[in-house]
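Novice: Have a look at this one before I ask anything.
Every read-out reported here was derived from the displayed coordinates using simple, explicitly stated rules and does not represent laboratory data. Note that the structure is a prediction, hence the values are computed from the model and not measured. No Cβ is skipped: glycine too gets one built from the backbone with ideal geometry, and neighbour counts run over all protein chains shown.
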Amino acid sequence: MASDLSALLRLEVPVIVRLGERTMSLNEVLGLVPGAIIELPKNAEEELDLLINNKQIGTGTAVKVVENFGIRISYIGNLKARIEALGGQATATEHAAAG
């Protein structure tokens, strides 16, 4: 059982940092060209959304890490929310640990 849990904890999942989003008409999408700017309805100072499996689990601010971007987490959901974002159902033991 412990080896099963260990194997599960080594699985890799995609982590998404969402800058913002907007809806566009199909005509607008077809009209996109290199150099076009898509304005997002989010203030540049607002926090970014941290998603796992397309479900938000936290927020943070953009940081520069050498030549790359990163996110400094300012809020992270509880363990139950993170497990549910992975598509699992938290067990009673996990519920107790998350509480």
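Novice: Would you calculate the volume per residue, in Å³, of the smallest convex hull containing every Cα atom of the range 1-56?
Specialist: Residue-normalised Cα hull volume stands at 146 Å³.
Novice: Okay, moving on. So what J values fall out for the range 6-11 if you push phi through Karplus, 6.51 cos²θ - 1.76 cosθ + 1.60 with θ = phi - 60°, rounded to Hz, Gly and Pro as x?
Specialist: Per-residue couplings from phi come out as 4, 5, 4, 5, 8, 4 Hz.
Novice: Placing unit charges on C-beta atoms (Lys and Arg positive, Asp and Glu negative, everything else neutral), compute the dipole magnitude of the chain about its Cα centre in debye, rounded to 20.
Specialist: Result for the chain is approximately 160 debye, rounded to the nearest 20.
Novice: What residue among Ile83, Ile73, Ile37 has the largest mean-square fluctuation in a Gaussian network model of the chain, using Cα springs under 10 Å?
Specialist: Maximum fluctuation in the GNM of the chain, among the listed residues, is at Ile37.
Novice: Hey, what number do you get for the chain at 222 nm if only DSSP H runs of n ≥ 4 count, each worth -39500 (n - 2.57), divided across all residues, to the nearest 500?
Specialist: -6500 deg cm²/dmol
Novice: Give the residue from Ala2, Ala85, Val15 lying farthest towards the positive end of the charge dipole for the chain; charges sit on Cβ (+1 for Lys and Arg, -1 for Asp and Glu) and the dipole is referred to the Cα centre.
Specialist: Ala2
Novice: Separate question: Around Ile57, with a cut-off of 14 angstrom between Cβ atoms, what is the net charge of the other residues, counting Lys and Arg +1 and Asp and Glu -1?
Specialist: For residues surrounding Ile57, the net value is +1.
Novice: Taking the Cβ-Cβ separation of Leu8 and Lys42 as r and a Förster radius of 30 Å, what is the calculated FRET efficiency to the nearest 0.05?
Specialist: It comes out at approximately 0.30.
Novice: Report, largest value first, the span of the C-alpha coordinates of the range 38-88 along each principal axis, in whole Å.
Specialist: In descending order, the Cα extents are 33, 28, 17 Å.
Novice: Now, a different point. Under the definition of Cα pairs under 8 Å and six or more residues apart, what whole-number percent is the relative contact order of the chain?
Specialist: Reported as a whole number, the value is 20 percent.
Novice: Could you tell me the convex hull volume per residue, in Å³, taken over the Cα atoms of the chain?
Specialist: Spread over its residues, the Cα hull of the chain gives 173 Å³ apiece.
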